[in-house]
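Down below is the structure, laid out as structure tokens.
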Amino acid sequence: MEDEKNSIDKMDESDRAAMDALFSELDKGIDDMEAGRIFPVEDAFRMIEDMLDKETNQE
């Protein structure tokens, strides 16, 4: 556990921001599941594809 803490402390700001964003999204997902807001797998994949398409088209 100490090794993990040391590696987290040594991350640069962009890595730390990416990790924080990931954990934030995971927290939102857990909150949604606990509240009963879940989607069928097909809908979830369609939503992901739509988000990726939007990101690709913005670049």
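The string of couplings for the stretch 11-17 from the Karplus curve (6.51, -1.76, 1.60, θ = phi - 60°) is 5, 7, 5, 5, 5, 5, 5 Hz, one whole number per residue in order, with x for Gly and Pro. Across the stretch 26-39, rounded Karplus estimates of 3J(HN,Hα) from the backbone phi angles (6.51 cos²θ - 1.76 cosθ + 1.60, θ = phi - 60°) give 4, 4, 4, x, 5, 4, 4, 5, 5, 8, x, 8, 10, 10 Hz, Gly and Pro being marked x. Each residue of the stretch 19-25 is assigned a 3J(HN,Hα), and the resulting list reads 5, 4, 5, 4, 5, 5, 5 Hz, derived from the Karplus form 6.51 cos²θ - 1.76 cosθ + 1.60 (θ = phi - 60°), x at Gly and Pro.
Counting Lys +1, Arg +1, Asp -1, Glu -1, what net charge surrounds Arg16 among other residues with beta carbon under 12 Å of its beta carbon? Once all neighbours under 12 Å are counted, the net charge is -4.
What does the charge count near Asp27 come to, summing +1 for each Lys or Arg and -1 for each Asp or Glu among other residues with Cβ under 12 Å from its Cβ? Net charge in that neighbourhood comes out at -4.
Read-outs: derived from the displayed coordinates by stated rules, not from any lab. Every value quoted in this text rests on a predicted model; they were computed, and no experiment measured them. Neighbour counts are summed over all protein chains in view; Cβ atoms, including those assigned to glycine, are modelled from backbone coordinates with ideal geometry.
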